[in-house]
Amino acid sequence: MVQPYSWSRKLFVIFNYTFLAVLSLVSILPLINVFSVSLSSAAAIEAGKVTLWPVDFSWKAYRFVAEKHEFLVSMGISVKRVLLGVSINMLLTVLTAYPLSKEAASLKFRTGYAWFFVFTMLFSGGLIPTYMVVRNLHLLDSVWSLVLPGALPIFNVILMLNFFRGLPKELSESAFIDGAGHWQTLWRIIIPLSMPSIATVTLFAIVSHWNEWFNGLIYMNDPIRYPLASYLQTIIVRMDMSSISDPSMLLLLSQLNDRSVRAAQIFLGMLPVLCVYPFLQRYFMSGMTLGSVKE
(Lines give C-alpha, C1' and ligand atoms only; values in the text may rest on other atoms or scores of the structure.)
Protein backbone atom coordinates (compact mmCIF):
# COMPACT_ATOMS: atom_id res chain seq x y z
CA MET A 1 0.00 0.00 0.00
CA VAL A 2 1.34 3.41 -1.00
CA GLN A 3 1.83 5.66 1.99
CA PRO A 4 0.47 9.23 1.67
CA TYR A 5 2.93 12.08 1.58
CA SER A 6 3.80 13.66 4.89
CA TRP A 7 3.59 17.45 5.30
CA SER A 8 7.36 17.75 5.18
CA ARG A 9 7.48 15.74 1.96
CA LYS A 10 4.73 17.89 0.41
CA LEU A 11 6.56 21.08 1.36
CA PHE A 12 9.76 19.70 -0.12
CA VAL A 13 8.02 18.84 -3.41
CA ILE A 14 6.33 22.27 -3.56
CA PHE A 15 9.66 24.00 -2.91
CA ASN A 16 11.38 21.95 -5.64
CA TYR A 17 8.72 22.71 -8.24
CA THR A 18 8.68 26.39 -7.32
CA PHE A 19 12.47 26.66 -7.42
CA LEU A 20 12.70 24.88 -10.80
CA ALA A 21 9.90 27.03 -12.24
CA VAL A 22 11.66 30.23 -11.16
CA LEU A 23 14.98 28.94 -12.49
CA SER A 24 13.34 28.10 -15.84
CA LEU A 25 11.83 31.58 -16.07
CA VAL A 26 15.15 33.22 -15.24
CA SER A 27 16.76 31.20 -18.03
CA ILE A 28 14.13 31.78 -20.72
CA LEU A 29 13.08 35.39 -20.09
CA PRO A 30 16.31 36.92 -21.51
CA LEU A 31 15.83 34.82 -24.66
CA ILE A 32 12.23 36.04 -25.01
CA ASN A 33 13.39 39.63 -24.52
CA VAL A 34 16.06 39.30 -27.22
CA PHE A 35 13.49 37.83 -29.61
CA SER A 36 11.01 40.63 -28.82
CA VAL A 37 13.64 43.33 -29.37
CA SER A 38 14.55 41.82 -32.74
CA LEU A 39 10.92 42.15 -33.88
CA SER A 40 10.26 45.65 -32.55
CA SER A 41 10.56 49.05 -34.18
CA ALA A 42 13.44 51.41 -33.52
CA ALA A 43 11.17 53.97 -31.82
CA ALA A 44 9.76 51.39 -29.40
CA ILE A 45 13.23 50.15 -28.48
CA GLU A 46 14.59 53.65 -27.91
CA ALA A 47 11.56 54.47 -25.75
CA GLY A 48 12.18 51.38 -23.61
CA LYS A 49 8.75 49.91 -24.30
CA VAL A 50 9.94 46.43 -25.28
CA THR A 51 9.95 43.79 -22.55
CA LEU A 52 8.53 40.32 -23.33
CA TRP A 53 6.40 41.14 -26.36
CA PRO A 54 7.27 42.89 -29.65
CA VAL A 55 6.10 46.49 -29.97
CA ASP A 56 5.30 47.85 -33.47
CA PHE A 57 6.02 44.47 -35.07
CA SER A 58 8.68 44.62 -37.79
CA TRP A 59 10.75 42.07 -39.76
CA LYS A 60 13.26 44.70 -40.93
CA ALA A 61 16.05 43.54 -38.59
CA TYR A 62 15.86 39.98 -39.94
CA ARG A 63 15.70 41.28 -43.50
CA PHE A 64 18.85 43.29 -42.87
CA VAL A 65 20.62 40.27 -41.33
CA ALA A 66 19.51 37.93 -44.15
CA GLU A 67 21.00 40.28 -46.73
CA LYS A 68 24.20 40.93 -44.81
CA HIS A 69 27.09 39.09 -46.49
CA GLU A 70 29.35 38.86 -43.43
CA PHE A 71 26.68 37.17 -41.30
CA LEU A 72 25.92 34.54 -43.94
CA VAL A 73 29.61 33.80 -44.49
CA SER A 74 30.27 33.43 -40.76
CA MET A 75 27.24 31.16 -40.44
CA GLY A 76 28.63 28.91 -43.19
CA ILE A 77 32.05 28.80 -41.52
CA SER A 78 30.47 27.78 -38.22
CA VAL A 79 28.44 25.03 -39.89
CA LYS A 80 31.60 23.73 -41.56
CA ARG A 81 33.45 23.90 -38.25
CA VAL A 82 30.75 21.98 -36.43
CA LEU A 83 30.58 19.24 -39.09
CA LEU A 84 34.36 18.77 -39.16
CA GLY A 85 35.00 19.35 -35.47
CA VAL A 86 32.26 17.11 -34.10
CA SER A 87 33.18 14.29 -36.50
CA ILE A 88 36.84 14.42 -35.48
CA ASN A 89 35.98 14.84 -31.78
CA MET A 90 33.67 11.83 -31.70
CA LEU A 91 35.99 9.58 -33.69
CA LEU A 92 39.00 10.32 -31.48
CA THR A 93 36.92 10.24 -28.29
CA VAL A 94 35.54 6.78 -29.00
CA LEU A 95 38.90 5.39 -30.13
CA THR A 96 40.59 6.74 -27.00
CA ALA A 97 37.89 5.85 -24.47
CA TYR A 98 37.44 2.24 -25.60
CA PRO A 99 40.92 0.91 -24.70
CA LEU A 100 41.03 3.02 -21.53
CA SER A 101 37.76 1.45 -20.38
CA LYS A 102 39.41 -1.97 -20.23
CA GLU A 103 40.95 -3.48 -17.13
CA ALA A 104 44.65 -2.95 -16.40
CA ALA A 105 45.31 -6.60 -17.22
CA SER A 106 43.94 -6.10 -20.76
CA LEU A 107 45.94 -2.93 -21.53
CA LYS A 108 49.49 -2.58 -20.34
CA PHE A 109 50.26 0.80 -18.68
CA ARG A 110 46.57 1.67 -18.79
CA THR A 111 46.77 3.66 -15.54
CA GLY A 112 49.72 5.68 -16.86
CA TYR A 113 47.85 6.52 -20.05
CA ALA A 114 44.78 7.57 -18.07
CA TRP A 115 46.78 9.88 -15.81
CA PHE A 116 48.56 11.34 -18.82
CA PHE A 117 45.22 12.41 -20.32
CA VAL A 118 44.01 13.76 -16.98
CA PHE A 119 47.22 15.81 -16.67
CA THR A 120 46.62 17.38 -20.11
CA MET A 121 43.11 18.34 -19.01
CA LEU A 122 44.41 20.14 -15.92
CA PHE A 123 47.54 21.72 -17.42
CA SER A 124 48.06 23.05 -20.95
CA GLY A 125 50.99 24.54 -22.79
CA GLY A 126 49.41 28.00 -22.72
CA LEU A 127 48.03 30.36 -25.32
CA ILE A 128 51.32 31.56 -26.84
CA PRO A 129 52.87 28.08 -27.42
CA THR A 130 49.56 26.87 -28.88
CA TYR A 131 49.43 29.84 -31.24
CA MET A 132 53.04 29.24 -32.33
CA VAL A 133 52.27 25.60 -33.09
CA VAL A 134 49.21 26.56 -35.15
CA ARG A 135 51.21 29.23 -37.00
CA ASN A 136 54.19 26.95 -37.73
CA LEU A 137 51.82 24.32 -39.09
CA HIS A 138 50.44 26.98 -41.48
CA LEU A 139 46.91 26.58 -40.15
CA LEU A 140 46.16 30.28 -39.63
CA ASP A 141 43.14 31.63 -41.54
CA SER A 142 41.81 28.10 -42.09
CA VAL A 143 39.01 26.14 -40.48
CA TRP A 144 41.56 23.57 -39.30
CA SER A 145 42.93 26.07 -36.77
CA LEU A 146 39.48 25.99 -35.14
CA VAL A 147 39.21 22.20 -35.20
CA LEU A 148 42.58 20.52 -34.67
CA PRO A 149 43.82 22.20 -31.44
CA GLY A 150 40.83 20.78 -29.58
CA ALA A 151 40.47 17.58 -31.55
CA LEU A 152 40.48 15.37 -28.44
CA PRO A 153 38.40 16.83 -25.58
CA ILE A 154 39.60 14.94 -22.51
CA PHE A 155 36.49 15.67 -20.47
CA ASN A 156 34.38 13.93 -23.13
CA VAL A 157 36.83 11.01 -23.13
CA ILE A 158 36.36 10.57 -19.39
CA LEU A 159 32.57 10.62 -19.79
CA MET A 160 32.66 8.09 -22.60
CA LEU A 161 35.15 5.92 -20.71
CA ASN A 162 32.76 5.66 -17.77
CA PHE A 163 29.86 4.91 -20.09
CA PHE A 164 31.79 2.03 -21.68
CA ARG A 165 32.69 0.68 -18.24
CA GLY A 166 29.01 0.55 -17.31
CA LEU A 167 28.27 -1.97 -20.08
CA PRO A 168 28.23 -5.69 -19.10
CA LYS A 169 31.61 -7.31 -19.65
CA GLU A 170 29.90 -10.52 -20.72
CA LEU A 171 28.90 -8.89 -24.04
CA SER A 172 32.50 -8.28 -25.06
CA GLU A 173 33.65 -11.66 -23.74
CA SER A 174 30.98 -13.49 -25.73
CA ALA A 175 31.97 -11.58 -28.88
CA PHE A 176 35.62 -12.55 -28.39
CA ILE A 177 34.61 -16.20 -27.90
CA ASP A 178 32.73 -16.05 -31.21
CA GLY A 179 35.89 -14.84 -32.94
CA ALA A 180 35.29 -11.08 -33.07
CA GLY A 181 38.21 -8.71 -32.67
CA HIS A 182 38.34 -5.40 -30.89
CA TRP A 183 37.25 -3.44 -33.99
CA GLN A 184 34.21 -5.64 -34.58
CA THR A 185 33.30 -5.57 -30.90
CA LEU A 186 33.59 -1.80 -30.78
CA TRP A 187 31.58 -0.97 -33.91
CA ARG A 188 28.97 -3.75 -33.75
CA ILE A 189 28.35 -4.10 -30.01
CA ILE A 190 29.77 -1.27 -27.89
CA ILE A 191 28.76 1.68 -30.05
CA PRO A 192 25.15 0.57 -30.74
CA LEU A 193 24.63 0.01 -27.01
CA SER A 194 26.21 3.38 -26.18
CA MET A 195 24.04 5.60 -28.38
CA PRO A 196 22.63 7.56 -25.39
CA SER A 197 26.15 8.38 -24.18
CA ILE A 198 27.34 9.16 -27.72
CA ALA A 199 24.38 11.50 -28.23
CA THR A 200 25.21 13.23 -24.94
CA VAL A 201 28.86 13.78 -25.83
CA THR A 202 27.89 14.81 -29.37
CA LEU A 203 25.63 17.49 -27.95
CA PHE A 204 28.48 18.76 -25.77
CA ALA A 205 30.77 18.89 -28.82
CA ILE A 206 28.19 20.72 -30.97
CA VAL A 207 27.55 23.37 -28.33
CA SER A 208 31.29 23.78 -27.68
CA HIS A 209 32.18 24.33 -31.34
CA TRP A 210 29.17 26.53 -32.07
CA ASN A 211 29.62 28.84 -29.07
CA GLU A 212 33.44 29.06 -28.99
CA TRP A 213 34.53 32.51 -30.19
CA PHE A 214 38.02 33.25 -28.86
CA ASN A 215 39.96 30.97 -31.25
CA GLY A 216 38.38 32.69 -34.23
CA LEU A 217 39.67 36.07 -33.03
CA ILE A 218 43.27 34.93 -32.54
CA TYR A 219 43.66 32.47 -35.45
CA MET A 220 41.87 34.48 -38.16
CA ASN A 221 43.64 37.57 -39.48
CA ASP A 222 40.75 38.52 -41.77
CA PRO A 223 37.37 39.21 -40.09
CA ILE A 224 35.60 37.73 -43.12
CA ARG A 225 36.89 34.31 -41.94
CA TYR A 226 35.38 34.61 -38.47
CA PRO A 227 33.00 31.86 -37.34
CA LEU A 228 29.59 32.99 -36.22
CA ALA A 229 30.39 33.20 -32.49
CA SER A 230 33.44 35.40 -33.14
CA TYR A 231 31.49 37.57 -35.55
CA LEU A 232 28.65 38.02 -33.04
CA GLN A 233 31.16 38.95 -30.35
CA THR A 234 32.52 41.75 -32.53
CA ILE A 235 29.11 43.16 -33.47
CA ILE A 236 27.95 43.04 -29.85
CA VAL A 237 30.96 45.13 -28.82
CA ARG A 238 30.57 47.60 -31.67
CA MET A 239 28.34 48.10 -34.67
CA ASP A 240 30.62 48.82 -37.64
CA MET A 241 28.73 50.70 -40.38
CA SER A 242 31.85 51.49 -42.39
CA SER A 243 31.84 47.99 -43.90
CA ILE A 244 28.36 48.54 -45.43
CA SER A 245 28.58 50.06 -48.90
CA ASP A 246 25.18 49.11 -50.39
CA PRO A 247 22.93 52.23 -50.37
CA SER A 248 19.77 50.14 -49.90
CA MET A 249 21.32 48.42 -46.86
CA LEU A 250 22.33 51.78 -45.39
CA LEU A 251 18.79 53.07 -45.91
CA LEU A 252 17.35 49.99 -44.23
CA LEU A 253 19.82 50.29 -41.34
CA SER A 254 18.84 53.93 -40.82
CA GLN A 255 15.30 52.72 -40.11
CA LEU A 256 16.51 50.23 -37.49
CA ASN A 257 17.91 50.38 -34.00
CA ASP A 258 21.34 48.79 -33.52
CA ARG A 259 19.90 46.76 -30.63
CA SER A 260 17.30 45.18 -32.91
CA VAL A 261 19.95 44.19 -35.46
CA ARG A 262 22.17 42.70 -32.77
CA ALA A 263 19.23 40.88 -31.21
CA ALA A 264 18.24 39.40 -34.59
CA GLN A 265 21.76 38.14 -35.22
CA ILE A 266 22.08 36.72 -31.70
CA PHE A 267 18.74 34.92 -31.96
CA LEU A 268 19.60 33.46 -35.36
CA GLY A 269 22.95 32.36 -33.93
CA MET A 270 21.19 30.47 -31.13
CA LEU A 271 18.53 28.95 -33.38
CA PRO A 272 20.51 25.98 -34.83
CA VAL A 273 21.44 24.61 -31.40
CA LEU A 274 17.89 25.19 -30.15
CA CYS A 275 16.61 23.16 -33.10
CA VAL A 276 19.06 20.29 -32.58
CA TYR A 277 18.62 19.93 -28.82
CA PRO A 278 15.01 18.57 -28.79
CA PHE A 279 16.03 15.66 -31.03
CA LEU A 280 18.90 14.71 -28.69
CA GLN A 281 17.13 15.44 -25.40
CA ARG A 282 15.79 11.88 -25.01
CA TYR A 283 19.28 10.41 -25.38
CA PHE A 284 20.78 13.23 -23.34
CA MET A 285 18.63 12.51 -20.26
CA SER A 286 19.34 8.77 -20.31
CA GLY A 287 22.99 9.26 -21.20
CA MET A 288 23.63 11.46 -18.18
CA THR A 289 22.80 8.56 -15.82
CA LEU A 290 24.13 5.66 -17.88
CA GLY A 291 26.85 3.85 -15.96
CA SER A 292 26.19 5.67 -12.69
CA VAL A 293 24.53 2.59 -11.13
CA LYS A 294 26.18 -0.79 -11.23
CA GLU A 295 24.83 -4.13 -10.10
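The values are calculated or read from the model by the stated rules, or taken from the named source; none is laboratory data. As the structure is a prediction and not an experimental result, all values here were calculated from the model. Cβ atoms come from the backbone with ideal geometry, glycine included; neighbour counts cover every protein chain shown.
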Filter the stretch 30-56 down to the residues that are more than 31 Å from the chain's Cα centre (by Cα) and not in a helix (DSSP H, G or I), then identify the one that is surrounded by the most Cβ atoms within 10 Å (Cβ to Cβ). Ser41
Matching residues in the stretch 192-216 (in a helix (DSSP H, G or I), surrounded by 18 or more Cβ atoms within 10 Å (Cβ to Cβ) and either among the β-branched types (Val, Ile, Thr) or over 14 Å from the mean Cα position of the chain (by Cα) (or both)) number 9
So Pro272 fits all but one of (1) at pLDDT below 85; (2) in a loop (DSSP other than H, G, I, E, B); what number is the exception? (2)
Tabulated pairs, the stretch 6-28, first in contact (Cβ under 8 Å) with a residue 60 or more places away in the chain and basic (Lys, Arg), second surrounded by 10 or more Cβ atoms within 10 Å (Cβ to Cβ) and outside any helix (DSSP H, G or I), C-beta under 7 angstrom, 6+ apart or interchain: none
Candidate set from the stretch 217-234 (those that are buried (at least 20 other Cβ atoms within 10 Å of the Cβ) and in a helix (DSSP H, G or I)); member that is modelled with the highest pLDDT: Tyr219
Since Tyr98 meets every condition but one in (1) without any contact (Cβ under 8 Å) to a residue 40 or more places away in the chain; (2) surrounded by 15 or more Cβ atoms within 10 Å (Cβ to Cβ); (3) aromatic (Phe, Trp, Tyr), which condition does it not meet? (1)
Could you grab me the full set of residues in the stretch 119-161 that are more than 21 Å from the chain's Cα centre (by Cα), in contact (Cβ under 8 Å) with a residue 40 or more places away in the chain and part of a helix (DSSP H, G or I)? Leu127, Tyr131, Val134
